[in-house]
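**Q** Could you have a look at this structure, given as structure tokens, before my questions?
The values are calculated or read from the model by the stated rules, or taken from the named source; none is laboratory data. The structure presented is a predicted model; accordingly, all values stated were derived computationally and were not measured. Quick reminder, even Gly has a Cβ in these numbers, built from the backbone with ideal geometry, and neighbours come from all protein chains shown. We work out accessible area using only protein heavy atoms, side chains counted, and drop any ligands, DNA or RNA first. Shrake-Rupley method; radii C 1.70, N 1.55, O 1.52, S 1.80 Å.
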Number of protein chains: 2
Amino acid sequence: MKARVTVTLKTGVLDPQGEAIRHALGALGFDDVEGVRQGKLIELDLADTDPAAAEARVTEMCEKLLANTVIENYSVEVI
Amino acid sequence: MKARVTVTLKTGVLDPQGEAIRHALGALGFDDVEGVRQGKLIELDLADTDPAAAEARVTEMCEKLLANTVIENYSVEVI
């Protein structure tokens, strides 16, 4: 069973990496880009076969390791 | 208009960052995780209002800057 976790910075948290991408896009002529935010995508292969159990387990992984819940939001999707 | 780009490593390309996450999860007791791959998620705010034009423009950004097409796949989703 596969799970996909997306981790994004919370609104209001500065994102210098996104800002650097926006600047680089502007330098390449893409000046219609008003804002860029960069997040992480983590794909997990799990031994679990029960989707509900897998989702609970991955949420626990997010809370403990994958996301910094002070500044980041995460979402879990079991595929 | 917003666009979401996901950039993932192609199959067969080594992912040391994903491997490090898998190892850390194992150390935390999540030993049922068989594999981890880490990718990037880039959210763009665009001035474009036409979805088709926005998608074409973001695809061009991916080819030129956002993804390294030798080792990475990307997908574009206009929201």
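**Q** Summing Lys, Arg as +1 and Asp, Glu as -1, what charge do residues with Cβ under 11 Å from the Cβ of B:Leu41 carry, B:Leu41 excluded?
**A** +3
**Q** Among B:Asp32, B:Asp45, B:Asp15, which one shows the biggest mean-square fluctuation in a GNM of chain B, springs joining Cα atoms closer than 10 Å?
**A** Top of the fluctuation ranking is B:Asp32.
**Q** Tell me, what are the semi-axes, in whole angstrom and largest first, of the equivalent ellipsoid of the protein assembly as shown as set by the roots of 5 times the Cα gyration tensor eigenvalues?
**A** Ellipsoid semi-axes (Å, largest first): 30, 16, 14.
**Q** Angle, helix B:16-27 long axis vs. longest principal axis of chain B, Cα atoms, 0 to 90°, nearest 10?
**A** Helix B:16-27 sits at roughly 40 degrees to that axis.
**Q** If you don't mind, there's one more thing I want to ask. Leaving out ligands, DNA and RNA, calculate the buried accessible area for the pair B and A with a 1.4 Å probe, summed over both sides, in Å² to the nearest 100. Provide the component values of the computation, followed by the final result.
**A** Values: alone 5670 and 5680 Å², together 8570 Å².
Using a 1.4 Å probe, the pair buries roughly 2800 Å².
**Q** Computing the accessible area with a 1.4 Å probe over protein heavy atoms, can you report the carbon and sulfur percentage for segment B:2-78?
**A** 51 percent
**Q** Using Cα pairs closer than 8 Å and at least 6 residues apart in sequence, work out the relative contact order for chain B, in percent.
**A** 52 percent.
**Q** Still on this structure, I have one more. Round to a whole angstrom and tell me the spacing of the C-alpha centers of segment A:6-79 and segment B:36-58.
**A** Each part reduced to its Cα centre gives a spacing of 15 Å.
**Q** Follow-up. Please work out the average accessible area per residue across segment A:2-78, using the 1.4 Å probe convention, and give it in Å².
**A** On a per-residue basis, 53 Å².
**Q** A further question on this structure: Which of B:Leu44, B:Leu9, B:Val78 sits closest to the plus end of the dipole of segment B:2-78, meaning its Cα is farthest towards the positive end, when Lys and Arg get +1 and Asp and Glu get -1 on the C-beta?
**A** B:Leu9
**Q** Same structure again: Given +1 on the Cβ of Lys and Arg, -1 on the Cβ of Asp and Glu, and no further charges, what dipole in debye does chain A carry about its Cα centre, rounded to the nearest 20?
**A** In total the dipole reaches around 140 debye.
**Q** First select every other residue whose beta carbon is under 15 angstrom from the beta carbon of B:Met61; then total the charges, Lys and Arg +1, Asp and Glu -1. Each step should come with its number before you reach the end.
**A** Values: positive: A:Arg22, A:Arg37, B:Lys2, B:Arg4, B:Lys40, B:Arg57, B:Lys64; negative: A:Asp31, A:Asp32, A:Glu34, B:Glu43, B:Asp45, B:Asp48, B:Glu55, B:Glu60, B:Glu63, B:Glu72, B:Glu77.
Within the 15 Å Cβ shell, the charges total -4.
**Q** So if I place +1 on the C-beta of Lys and Arg and -1 on the C-beta of Asp and Glu, and nothing else carries charge, what would the dipole magnitude of the protein assembly as shown be about its Cα centre? I want it in debye, nearest 20.
**A** Details: 16 positive and 28 negative charges, 53 e Å.
Result for the protein assembly as shown is approximately 260 debye, rounded to the nearest 20.
**Q** Something else: Could you state the orientation-averaged shadow area of the convex hull built on the Cα atoms of chain B, in nm² to one decimal? Let's see the in-between values first.
**A** Working: hull surface 24.9 nm².
Across all orientations, chain B yields a mean hull projection of 6.2 nm².
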